[in-house]
Amino acid sequence: MTRAFAQSPIDFRSLPPGVKWLMMINAAVFVLRAVVNGGLAPGAFDGLFGLVPQRFLMERWLWQAVTYLFIHSGFFHLLFNIFCLWMFGMPVESQWGTREFLKFYFLCGLGAAAASVALQPYSLSPVVGASGALFGLMAAFAMLYPDAVVYLYFFLPVTARQMAIICGVIELFSAATESGSGIARFAHLGGLVTGYLYIRWWWVLKIRAQAWIKDAAPRMPASPRVRSKAGEGRKAEQLPASMDDVDRILDKIIAEGIDSLSEDEKAVMRRYSERKKH
């Protein structure tokens, strides 16, 4: 099933709350950084709130694992990341809701920070920017809308799945060949891998565990429900054949998005939901 995704023009008033607040905080911190660095020694703000692996490990500056996400080295760095936040964040937050979206965003940011610290533990160069978290959002977008058409580098049309793979390969190759470029390639890869693993494994396991617990809990037998339509009685809804059907459909939702379900699969999930209510 081929599906496409289309974005509407940027309208700040219509942005979902998670994306909107992240944009505003990033912009505010950018202004604050310019003011502080202008009055103090250059780089003082980045050294304190950026992710400096050696200070994070040796001096326990643990707040840097979160604060670095809101610091950007220049206006175009900020502008590009805000664009990516709008592009990938809006559809993901619309699918998951603000709470799950923000949890995923910061989880990918922490994964990006962990990769940077683990692979460059003695570095004194600050890692800044939301790119690691945004690579995680890109992975989520590609898994929710794998066939959506996007324009890589604004001119090359590819599917979202292809875009995620291409960007991952580019970052891996660049991390292996570049040194001292000033771009946190390991952070990008860490965010991408964290986002993929969270969706592909942890989220699926969590959903299956919740379904298993609910299925194993003792239930009172429900009385048959009878629906009427146009004066004709209808029998109680048929239960899904087995939990294997539900597990398969949940896997498909995680991998391809809810829009990929057929009418029969949607009917199975509706019957399963009705069973859980009773």
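Of all the numbered requirements in (1) surrounded by 15 or more Cβ atoms within 10 Å (Cβ to Cβ); (2) without any contact (Cβ under 8 Å) to a residue 60 or more places away in the chain; (3) out of contact with any strand residue (DSSP E or B) (no Cβ under 9 Å at 6 or more places or on another chain); (4) assigned to a helix (DSSP H, G or I), Gln54 misses one, and that requirement is (2).
When the residues of the stretch 38-51 are narrowed to those that are out of contact with any Pro (no Cβ under 7 Å at 6 or more places or on another chain) and assigned to a helix (DSSP H, G or I), which ends up nearest to Ala187 (Cα to Cα)? Per the criteria, the residue is Phe49. Among the residues of this structure, Tyr68 counts as one that is in contact with a strand residue (DSSP E or B) (Cβ under 7 Å, 6 or more places away or on another chain) and buried (at least 17 other Cβ atoms within 10 Å of the Cβ).
Among the residues of the stretch 69-93, the one identified as within 14 Å of the chain's Cα centre (by Cα) and small (Gly, Ala, Ser) is Gly89.
Contact annotation: no residue pair with Cβ atoms under 9 Å, 6 or more positions apart or on different chains, pairs a residue in the stretch 16-42 that is within 24 Å of Glu93 (Cα to Cα) and at pLDDT below 85 with a partner that is loosely packed, with under 13 Cβ neighbours inside 10 Å and among the hydrophobic types (A, V, I, L, M, F, W, C). From the residues in the stretch 133-166 that are in a helix (DSSP H, G or I) and of a type in the set (Phe, Trp, Tyr), which one is surrounded by the most Cβ atoms within 10 Å (Cβ to Cβ)? Only one residue fits best here, namely Phe135. Checked against the criterion of being within 22 Å of Pro16 (Cα to Cα), modelled with pLDDT of 90 or more and hydroxyl-bearing (Ser, Thr, Tyr), the stretch 87-100 contains one or more residues that satisfy it.
The set of residues in the stretch 97-132 that are part of a helix (DSSP H, G or I) and of a type in the set (Ser, Thr, Tyr) comprises Thr98, Tyr105, Ser116, Ser131.
The values are calculated or read from the model by the stated rules, or taken from the named source; none is laboratory data. As the structure is a computational prediction, the values presented were derived from the model and not from experiment. Don't worry about glycine lacking a Cβ; one is built from the backbone with ideal geometry, like all the others, and counts go over all protein chains shown.
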